[in-house]
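Colleague: I am attaching a structure below and will ask some questions about it afterwards.
Throughout, read-outs are computed from the coordinates displayed, never taken from laboratory work. The structure displayed is predicted, hence computed values, not measured ones. Cβ placement follows ideal geometry from the backbone for every residue including glycine, while neighbour counts extend to all protein chains displayed.
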Ligand SMILES: [Fe+2]
């Protein structure tokens, strides 16, 4: 499996606290069947250099300890009106240097400013991968926003924890709606530690296999993520609109 969203880089955000914690997260991911992980620390205005040097250190550690986890560069970017320009300037990073930036938003909002940020990114030639849209209350209350963002050309990443119900009933229901209606592009861990919000994707794969048509788990956990890190087009299927 390919995990597109993880806070495994030590010391950069509220994810792995140190190299030891990052090592345990990597080992856990590998045991659950993850072969590739994109590192996506929270970033706002920059940090590309810091991410790349932390990534080099973590790669070296995993190599020294024989942990077979391929790591790719990335960020979880808090979307603002400056995001598109900062990406163009190389201060912010897309997922593995693709056309796909992972974009998160604040929890207190109404979706208006967010739509403008996504429009900017698309105009600049990017395909935003919206991080965990199911967690935003304004999306739960007005899922037609998802129709709009989809028609604009956005892709959607659902959190493992949302599907498992770890963030409550609202995100759980919305996550399954997005997956079941064909809006979800990928499911990722959004892992922060080896003990809670972990990078274990084995359980959510089982759940997806039980609940959705048999090919869905492979598309969400392998095929679409592979296309994203290889900078390929995503399939242009029609979802069941809200
Ligand atoms: Fe995250």
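Colleague: Would you calculate a helix-derived [θ] at 222 nm for the chain, using -39,500 (n - 2.57) for each DSSP H run of n ≥ 4 and dividing by the full residue count, to the nearest 500?
Modeller: Value at 222 nm, helices only, nearest 500: -11000 deg cm²/dmol.
Colleague: Still on this structure, I have one more. So for the pair residue 242, residue 147, with labels modelled 7 Å out along Cα→Cβ, what separation do we get in nm?
Modeller: Between residue 242 and residue 147, the simple spin-label model gives 1.0 nm.
Colleague: Here's a follow-up. May I have the convex hull volume per residue, in Å³, for the Cα set of region 2-229?
Modeller: 105 Å³
Colleague: Something else about it: Relative to the present Cα-Cα distance, how much length would full extension add between residue 85 and residue 60 at 0.36 nm per residue of separation?
Modeller: 5.8 nm
Colleague: Same structure, new question: Place a point 7 Å from the Cα of residue 50 along the Cα-to-Cβ direction; which residues of region 61-75 have their backbone N under 14 Å from it?
Modeller: Counting only backbone N, you get 75.
Colleague: Further question: Exposure proxy check: 91, 150 ranked by fewest other beta carbons within 10 Å?
Modeller: Exposure proxy ranking, most exposed first: 91, 150.
Colleague: Among 58, 12, 102, which comes first, second and so on when ranked by fewest other beta-carbon atoms within 10 Å?
Modeller: Ranking 58, 12, 102 by Cβ neighbours within 10 Å, fewest first, gives 12, 58, 102.
Colleague: Now a separate question. Let me see the P(r) profile for region 72-128: every Cα-Cα distance counted, bins of 5 Å, each bin given as a percent of all pairs.
Modeller: 4, 21, 35, 23, 11, 5, 0
Colleague: Points 7 angstrom from Cα along the Cβ direction at residue 223 and residue 30: gap in nanometres?
Modeller: Those two pseudo-labels are separated by 2.9 nm.
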